[in-house]
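**Student:** I'd like to ask you about the structure that follows.
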Amino acid sequence: MTFASTKELARDARRGGYAVPAVNIVDNVSICAAVSAADATGSPIILQTSVKTVRYFGAAVLAAAARAAAASTRVPVALHLDHCPDRDVITEAIRNGWSSVLFDASDLPFEVARAETKAVCAEAHAAGVDVESEIENIVGVEDGVGSDDPDVHFYPDDQLVMVAEETGTDLMAPALGTAHGLYSAAPDLLVDRVQRLVTLTDIPIVLHGGTGLSASEFREFIGAGVSKINISTALKLAYMKTARDHLEQSERTGKWEPVKLFDAIGAAVERTVTDHIWLFESAQRVGVSA
Ligand code: 13P
């Protein structure tokens with residue numbers, strides 16, 4: 001069972017006027033929940049792993065779990081490495097069959113980011129793996145990677161596109177005013193930037209920091225041309241708050257059954273992924289299992 005190409009899923013979505021949900025999974029429970037949501041709704045799905053999760057389980061274990069889940073459905077499933085500034089982890093993901101990697105060069109000076117992104121594209125493409133590139137800062141620390149300092153690196157649209165085209169980038173993650181984590185103030189969203197970028201390039205555009213945006217904000221971004229949207233915090237909240245509630249119930253009832261805990265967490269994560277599938281209009285795009 002091979003994973004789908006992240007680039008192709010995003011390209012199909014751009015043509016179809018929807019966005020593919022790219023959800024950060026943390027273990028087999030969340031992998032199965034995300035794939036089950038995609039299967040039930042007929043949506044393509046991108047499973048994303050943080051560097052922290054890869055380091056915890058090891059790339060081979062995560063890839064095997066994702067592959068087993070992907071084999072259980074007819075909808076396309078891609079496996080993507082989220083924000084990774086570490087070339088060794090990129091190489092490990094490529095060797096273990098990931099569909100794509102996000103090389104996070106956002107903290108590097110422009111010329112270094114450009115050269116390193118080009119080298120990562122060459123390495124990944126030789127193995128048939130797609131590359132999402134990020135040379136601008138998206139505010140917020142995601143699983144230990146990133147910065148809370150806005151506008152550290154932000155380039156003119158044509159310069160950003162020039163680097164993406166020249167390096168062979170398959171998907172680009174520009175700064176669009178969104179931030180990782182929960183918003184403490186209303187973000188200044190750069191939907192107009194997406195509108196300009198799509199006139200300059202066919203490279204699919206990725207929206208980071210999806211948690212906390214409204215249905216109409218998602219619609220505006222998708223209408224402008226975003227075709228992959230990342231959701232992490234919403235899944236973590238569903239996962240952890242369900243675990244807390246279930247453990248409080250175990251305390252009250254005296255019933256301590258781990259598999260029941262996994263069932264509760266899986267159901268909550270599946271509901272959260274399903275909600276985003278409908279928001280991103282990716283449902284009923286691919287074969288629904290009988
Ligand atoms: P949120 O945590 O805000 O959903 O952002 C996820 C993300 O962009 C992962 O790269």
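**Student:** If Ser30 satisfies all but one of (1) open to solvent by 10 Å² or more (accessible area, probe 1.4 Å); (2) within 16 Å of the ligand (Cβ to nearest atom), what's the number of the condition it fails?
**Tutor:** For Ser30, the exception is condition (1).
**Student:** Within region 192-218, which residues are within 18 Å of the chain's Cα centre (by Cα) and more than 16 Å from the ligand (Cβ to nearest atom)?
**Tutor:** Correct list: Ile203 only.
**Student:** Can you tell me which residues in region 267-290 are in contact (Cβ under 8 Å) with a residue 60 or more places away in the chain, outside any helix (DSSP H, G or I) and open to solvent by 20 Å² or more (accessible area, probe 1.4 Å)?
**Tutor:** Glu281, Gln284, Arg285, Val286, Gly287, Val288, Ser289
**Student:** Something else: Any chance you could count how many residues in region 13-63 are over 15 Å from the mean Cα position of the chain (by Cα) and among the aliphatic types (A, V, I, L, M)?
**Tutor:** 9
**Student:** Still on this structure: When the residues of region 129-165 are filtered to those that are buried (at least 16 other Cβ atoms within 10 Å of the Cβ), modelled with pLDDT under 95 and not in a strand (DSSP E or B), which remaining residue is farthest from the ligand (Cβ to nearest atom)?
**Tutor:** Here is the first cut: in region 129-165, the residues buried (at least 16 other Cβ atoms within 10 Å of the Cβ) are 129-140, 142-143, 145-146, 153, 155, 160-161, 163-164.
Going one step further and asking which of them are modelled with pLDDT under 95, we end up with 137-140, 142-143, 145-146, 153.
Checking the rest, the ones that are also not in a strand (DSSP E or B) come to 137-138, 143, 153.
Working: Asn137: 13, Ile138: 7, Asp143: 8, His153: 17 Å.
The extreme case among them is His153.
**Student:** Checking the condition within 16 Å of the ligand (Cβ to nearest atom), at pLDDT below 95 and more than 19 Å from the chain's Cα centre (by Cα), which residue from Ala186, Ala290, Ala179 passes? Spell out how you get there, then give the answer.
**Tutor:** Numbers: Ala290 fails: within 16 Å of the ligand (Cβ to nearest atom); Ala179 fails: more than 19 Å from the chain's Cα centre (by Cα).
Going through Ala186, Ala290, Ala179 in turn, the sole match is Ala186.
**Student:** If the Cβ limit is 6 Å and pairs must be 6+ apart or interchain, which residue in region 216-232 that is closer than 25 Å to Ala4 by Cα pairs with which residue that is open to solvent by less than 10 Å² (accessible area, probe 1.4 Å) and more than 16 Å from the ligand (Cβ to nearest atom)?
**Tutor:** Ser227/Ala13
**Student:** Considering only residues that are assigned to a loop (DSSP other than H, G, I, E, B), among the hydrophobic types (A, V, I, L, M, F, W, C) and either in contact with a helix residue (DSSP H, G or I) (Cβ under 9 Å, 6 or more places away or on another chain) or buried (at least 19 other Cβ atoms within 10 Å of the Cβ) (or both), which ones fall in region 41-77? Steps first, answer last, please.
**Tutor:** First pass over region 41-77, keeping only residues assigned to a loop (DSSP other than H, G, I, E, B): 42-44, 50, 58, 71-76.
Imposing the further condition that a residue be among the hydrophobic types (A, V, I, L, M, F, W, C) reduces the set to 71, 75.
Residue satisfying the conditions is Val75 alone.
**Student:** Determine whether Leu81 is within 16 Å of the ligand (Cβ to nearest atom) and closer than 23 Å to Ala113 by Cβ.
**Tutor:** yes
The values are calculated or read from the model by the stated rules, or taken from the named source; none is laboratory data. Quantities reported herein were computed from a predicted structural model and do not represent experimental measurements. A quick note on method: Cβ atoms are made from the backbone with ideal geometry, for glycine too, and the neighbour counts reach across all protein chains shown. We work out accessible area using only protein heavy atoms, side chains counted, and drop any ligands, DNA or RNA first. Shrake-Rupley method; radii C 1.70, N 1.55, O 1.52, S 1.80 Å.
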